[in-house]
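Inspection log for the structure reproduced underneath, given as structure tokens.
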Protein chains: 2
Amino acid sequence: MTELTRRDQQVLEAVITDYIQTGEPVGSRVVAKRHGLEVSSATIRNVMADLEELGFLYQPHTSAGRIPTDRGLRFYLDFIMKFKTLKEEERELIRRAFNESEADVKELLHRTSRVLSDFCKQAGVVLWPKLSMTRFKHIELIRLRTRQIMVILISKSGLVHHRMLEWEEDINQHELDKYSRYLNELLEDVPLGEIKARIIEGMRKDKALFDQLFSKTLEMTQRVVQSTLENSEVYIEGQTNLLINPEFAQVERMRKILSAFEDKSRLIRLLDRTMSTSPGVRIVLGSESESKDLSEISLISSPYRRGDTLLGVVGVIGPLRMDYSRIIPVVEFTAALLSDLLEDPENRA
Amino acid sequence: MTELTRRDQQVLEAVITDYIQTGEPVGSRVVAKRHGLEVSSATIRNVMADLEELGFLYQPHTSAGRIPTDRGLRFYLDFIMKFKTLKEEERELIRRAFNESEADVKELLHRTSRVLSDFCKQAGVVLWPKLSMTRFKHIELIRLRTRQIMVILISKSGLVHHRMLEWEEDINQHELDKYSRYLNELLEDVPLGEIKARIIEGMRKDKALFDQLFSKTLEMTQRVVQSTLENSEVYIEGQTNLLINPEFAQVERMRKILSAFEDKSRLIRLLDRTMSTSPGVRIVLGSESESKDLSEISLISSPYRRGDTLLGVVGVIGPLRMDYSRIIPVVEFTAALLSDLLEDPENRA
DNA sequence: CCTTAGCACTCTACGGGACAGAGTGCTAAT
DNA sequence: ATTAGCACTCTGTCCCGTAGAGTGCTAAGG
């Protein structure tokens, strides 16, 4: 692939920004006039033909203007686009949207997805914190009724998870209290990811303490906690914003996308992928995702953290034709803000 | 209003069932032929003209067939329709969809909405149990960090609610344990609706016990619990099923409806209304709801209970043109099944 | 060699007219 | 009271013809 000249890039940029605004194929005249290139439309046509050969643009039909391909968009995002910086007023608006918020983490995440969807007029998504990253705070075992025990797990960051545990024989609450006291002591401040190991270790070390019931309960508990850890969750908010986009006017398209969202596991995988690697904002175009149903959408995401540990991902989902230059900084800022709000106040400056 | 003759009713029924199947205006020929009425189309036309005058049918334009009005539909539902009974196989299918379920109430409700949406090919809704109806099981106060306390409330039925509490001065965990021990004793088996009163009563009676911190914490706790009680929640599942219905082909219509769902409070009010009164299945047609955005949809709902106390409502939301005779028994059966699953096993036969 | 003006060509979107089909309401006969 | 028959109305569709947008190519100019 030959290097693109400065002018080629300008044309590509012109086509893309114009297309993002209007949603219509962009013709050579418009590019020449509206975008301050000091050449004639004929020249632009030649450049556009080249860009088409490179696979950056395509024509829906012979006598139409050009539309960027996914590849062209990717190139634009990676090499050409300049981010707008967020105006202070906008930052303030976003901050304020969080301000009334209670300190509850769940509430905070929920609000984040709402803020993103509102400010970007697309769907906002939030991937729940990987529990295994956070630390143990408290566990509670409660006998609801015969052979049914509710396990409640609280992480230091304030996430509460509960899960039912069906048990072969009945245990009274008094016993359970004893067990949970032990667990709370054993697990103090342990990262949730290491709970399993710690419990096993504890059982080996304190052998004397355990009767059969005790150790069996602990094992069950450990299993429940483990399965809780492995389940991720996502919030999606503002899906209806997607319906406004004219590219989703055909119901059938829209339906595919929305049902893809209903199967959360796919979405989770998608978001997961953007978390593992780089720190800043990442963009996944539909064609780069595994699933065909999602081929017409685009995800702009950024991880959020607590201190040094990556917790999860927030992002915006919309059509391929989105105002990236605006949305990217919004996502970035929001992720940073969320990280900040999650920061342990005791550690804060 | 004059009484409808037997034949008038048959015609109305024919038009409605046909319309429900096809979604197209129904003409006199079709009614005469397909529905075993032993009269000519001309006669049917006369009857239809009468029904139109009564406001039960209307014509979208002069040379089209008839479509039932909301009023006609209402009459049909109230006086004419015969329910299909659910085949045993279908019952079995529904039962099985629940079978793998853990005993956790939250999970159970979630599954219910999914089952309803799957079996009826529409959106399934579940209104959360009114907490105030259930009984107190356990409360836990946990100091997450300076001045932040997590209040966790568990009802006897296994519902877990948590809420953050921001507190002016710091309290150590040891104190909190003392308070929660007191609360757990005081509130044992009290209906959640009466918690407030009980706490106040307790504070008056055990005056001696209380230092200032103690009573203030209790008051705060009581307030948090109260606000938790007042918040309802709904699950909606399978919204994308709605997109399949041809009546929602126009995106704009659909958007209105889906955004009406995003504002949950409106939905909650709607569902609430169907809970208060009668016991069996209730149907609310769009025009009967308060909100204009919902005027094109229809809700089929049935309350569920635990023992004698009404807890909440389950239902199906779809277009006005739905297969009522099938969906109604599904909703009814599912509600009954859910009630059964929620039943305290100790009380069960 | 790059740029540009000019032009023929292609494709779409849109509006109008003709036409078939569906369904009605009315009238007159049974 | 019912029904056959018929004129009438309205819709949806197909088929133009045309205007407009945008292209690619060619030939001329710097």
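Given R0 = 35 Å, the distance between the Cβ atoms of B:Leu209 and B:Asn99 translates into a calculated FRET efficiency of 0.10.
Just want the ordering: B:Ser63, B:Ser117, A:Ser259, from fewest to most Cβ atoms lying within 10 Å of their own Cβ.
Lowest to highest Cβ neighbour count: B:Ser63, A:Ser259, B:Ser117.
Each residue of segment B:264-275 is assigned a 3J(HN,Hα), and the resulting list reads 5, 4, 5, 4, 4, 4, 4, 5, 3, 4, 7, 7 Hz, derived from the Karplus form 6.51 cos²θ - 1.76 cosθ + 1.60 (θ = phi - 60°), x at Gly and Pro. Computed from label points 7 Å out along Cα-Cβ, the spacing between A:Ser291 and B:Thr146 is 4.4 nm. Does segment A:104-166 come out rounded, prolate or oblate by the C-alpha gyration tensor, with a ≥ b ≥ c the root eigenvalues, rounded set by a/c under 1.5 and, if not, prolate when a/b is larger than b/c and oblate if not? Since a/c reaches 1.5 and a/b is larger than b/c, the shape of segment A:104-166 is classed as prolate.
Normalised by the number of residues in segment B:142-278, the average gap of Cα pairs under 8 Å and 6 or more apart makes the relative contact order 17 percent.
Using the Karplus relation 6.51 cos²θ - 1.76 cosθ + 1.60 with θ = phi - 60°, the per-residue 3J(HN,Hα) values for segment A:41-50 come to 5, 4, 4, 4, 4, 4, 4, 4, 4, 4 Hz, with x marking Gly and Pro.
Summarising the label geometry, the points placed 7 Å from Cα in the beta-carbon direction at B:Asp118 and A:Glu38 lie 6.7 nm from one another. Amide H contacts of B:Leu311: B:Tyr304, B:Arg305, B:Arg306, each under 5 Å away and 5 or more positions distant or on a separate chain (H built 1.01 Å from N in the peptide plane; Pro and chain starts excluded).
Put simply, the Cα atoms of segment B:35-133 extend 60, 34, 24 Å along their principal axes, the longest span coming first.
Summing Lys and Arg as +1 and Asp and Glu as -1 over all other residues whose Cβ lies under 14 Å from the Cβ of B:Ile195 gives a net charge of +1. The longest part of chain B holding none of the exposed loop trypsin sites (Lys or Arg not before Pro), meaning those outside H, G, I, E and B in DSSP with at most 13 other Cβ atoms within 10 Å, is B:88-347. Over all Cα atoms in segment A:1-86, the spread is summed up by Rg and Dmax: 12.0, 40 Å. Its alpha carbons give the protein assembly as shown an Rg and a Dmax of 30.1, 93 Å.
In vacuo Debye scattering of chain A, one point per C-alpha: log10 I(q)/I(0) at q = 0.06 Å⁻¹? With no solvent term, the Cα-only Debye profile gives -0.32. Using the Cβ of A:Arg269 as centre and a radius below 14 Å, the other residues enclosed give a net charge of -3, where K and R count +1 and D and E count -1. How would segment A:1-48 be classified by its alpha-carbon gyration tensor: rounded, prolate or oblate, with rounded meaning a/c under 1.5 and the a/b versus b/c comparison settling the rest? The shape class here is oblate. If R0 is 30 Å, the Cβ-Cβ spacing of A:Glu201 and B:Glu175 corresponds to a FRET efficiency of close to 0.40. Which loop-located GluC sites (Glu not before Pro) does segment B:1-89 contain, where loop means any DSSP state but H, G, I, E or B and the Cβ has at most 12 other Cβ atoms within 10 Å? Within segment B:1-89, the qualifying GluC sites (Glu not before Pro) (loop, at most 12 other Cβ atoms within 10 Å) are B:Glu3, B:Glu38. Shielding of peptide B:242-251 by partners, expressed as the average count of other chain Cβ atoms within 10 Å per residue Cβ, is 3.
When A:Leu93 is represented by a point 7 angstrom out along its Cα-to-C-beta vector, the spacings to that point in the other copies are 4.9 nm, nearest first. Helix-only arithmetic for chain B: the sum of -39500 (n - 2.57) across DSSP H runs with n ≥ 4, divided by the residue total, places the mean residue ellipticity at 222 nm at -15000 deg cm²/dmol.
Counting from the shortest, the label point at A:Ile200, 7 Å from Cα toward Cβ, is 5.5 nm from the same position in each remaining copy. Counting Lys and Arg as +1 and Asp and Glu as -1 over every other residue whose Cβ lies under 10 Å from the Cβ of B:His162, the net charge comes to 0.
Once the convex hull of all Cα atoms in segment A:203-349 is built, its volume per residue stands at 173 Å³. Can you pull a Stokes-Einstein diffusion coefficient for segment A:175-250 at 25 °C (0.890 mPa s), Rh from Kirkwood over Cα pairs, as a whole number of µm²/s? My calculation gives 160 µm²/s for D. Distances from B:Asp272 to itself in the other copies, using label points 7 Å out along the Cα-Cβ axis, amount to 4.0 nm in increasing order. Using the Cβ-Cβ distance between A:Asp323 and B:Arg269 with R0 set to 25 Å, the FRET efficiency from 1/(1 + (r/R0)^6) comes to roughly 0.10.
Readers should treat all values here as calculations from the given coordinates under stated rules, not as data from a laboratory. A quick note: this is a predicted structure, and the numbers were derived from the prediction, not measured. As a convention, Cβ positions derive from the backbone with ideal geometry for all residues, glycine included, and neighbour counts pool all protein chains shown.
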